[in-house]
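Q: Pasting in a structure now, in structure tokens, and then I'll have a few things to ask.
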């Protein structure tokens, strides 16, 4: 993935030097986003640089003690902030690839046709994952779907992001005209049913089926919360909140929750949620240990990617000692990069969310409104899911999330005409 992203970036830079391409207005207007991304990369790569041990004792006393203890009886004069150089190097390369991918998306998707193409690719990927996961679940002993993912919760998070894009495309396809009467409205709905848009709607149902088959509690819950909250925001901010948009949003909730769930197991998901207790979960204990780890590295962290190496010092001899991730992206990023890192990541997400909100209010182009809805819904869902899982540690999910962030800025600043 990293080689492919960097190769694409190099190809674009060569084209730029030759004068065949240029920076568009989107990446220029998204300078706050890119500034935060660059600051994040500076922080992560700086964690690898050896600094005088005296300065390290000031910046991160616990890191200095760790390096001093690791040196045994030898005296050290220089040491890095990170406590796991190789894992931090790996994480820094991945982070750089994500940021470069985000920049490429902002530069290359200048017009609505390229944006639509990217949306369709994500939808097609989600449909493939849904079909593959559903078929495999019928052969599995427990009947659970996980697609090509190792973890079904990460699979659920990916499906929700693809569903968000699909729903955004459906909203973009709705007519902006208001119905003069209920008869005209129902006639328009009947015409909509026999168009390819209905085919897309049915394909999205397959993704919902696969999502339910994961039996992922937070995956399904985050989908419903994100759909309802984003739908309300869209209706409030929309200048053209037509009956068709209201009907579509209501049908998404009712049909997917009641009809699909009746046959594919929503009740089992509900039962899993209702039966969840702190006594039967390790995640609350895990979060407590991760919080203790963060307290020892409060400002600059222990090094991005170092969680697996550092965490056993805090988890004792219990069952949670074997965990390599915190099952909480917020706590894991905070422990590894400190308040500086988690603040930068929070700004990146918040600025993108606000950009998508502005697009919902200001843009009239249906494609831009559709992808802004997709961005809002996908960001909301993954932020909810990240409180109990580590989806952003998975490259497929992290890269897709970068595309959702790009959609937020593209929906606000991209041109309406094809490009």
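Q: So for 136, 218, 1, fewest C-beta neighbours within 10 Å to most, what's the order?
A: 1, 136, 218
Q: Can you pull the semi-axes for the range 314-419, root of five times each eigenvalue of the Cα gyration tensor, sorted largest first, whole Å?
A: Working through the eigenvalues yields semi-axes of 34, 13, 10 Å.
Q: Ok, one more. Taking only the C-alpha atoms, wrap a convex hull around the range 61-152 and report its volume per residue in Å³ as a whole number.
A: 167 Å³
Q: Which whole-number percent gives the relative contact order of the range 351-402, counting Cα pairs below 8 Å spaced six or more residues apart?
A: Working: 24 pairs, mean separation 13.9, N = 52.
Normalised by residue count, the contact order of the range 351-402 is 27 percent.
Q: Counting only C-alpha contacts under 8 Å and six or more residues apart, can you give the relative contact order of the range 286-413 as a whole percent?
A: Result for the range 286-413 is 27 percent.
Q: Using label points projected 7 Å from each Cα along Cα→Cβ, tell me how many nm separate residue 148 and residue 308, to one decimal.
A: For residue 148 paired with residue 308, the spin-label model returns 2.2 nm.
Q: In terms of the Cα gyration tensor, with a ≥ b ≥ c the square roots of its eigenvalues, is the range 52-101 rounded because a/c is under 1.5, prolate because a/b exceeds b/c, or oblate?
A: prolate
Q: Another question about this same structure. How would you rank 285, 142, going from fewest to most other Cβ atoms within 10 Å of each one's own Cβ? Present the calculation step by step, with values, prior to reporting the outcome.
A: On the way: 285 16, 142 7.
Fewest to most other Cβ atoms nearby, the residues stand as 142, 285.
Q: To make sure I understand, if each residue's beta carbon is the centre and we count other beta carbons within 10 Å, what order do 109, 233, 377 fall in, fewest to most?
A: 233, 109, 377
Every number in this text was worked out from the coordinates using simple rules, so none of it is lab data. Note that the structure is a prediction, hence the values are computed from the model and not measured. Using ideal geometry, Cβ is built from the backbone for each residue, glycine included, and neighbour counts are taken over all protein chains shown.
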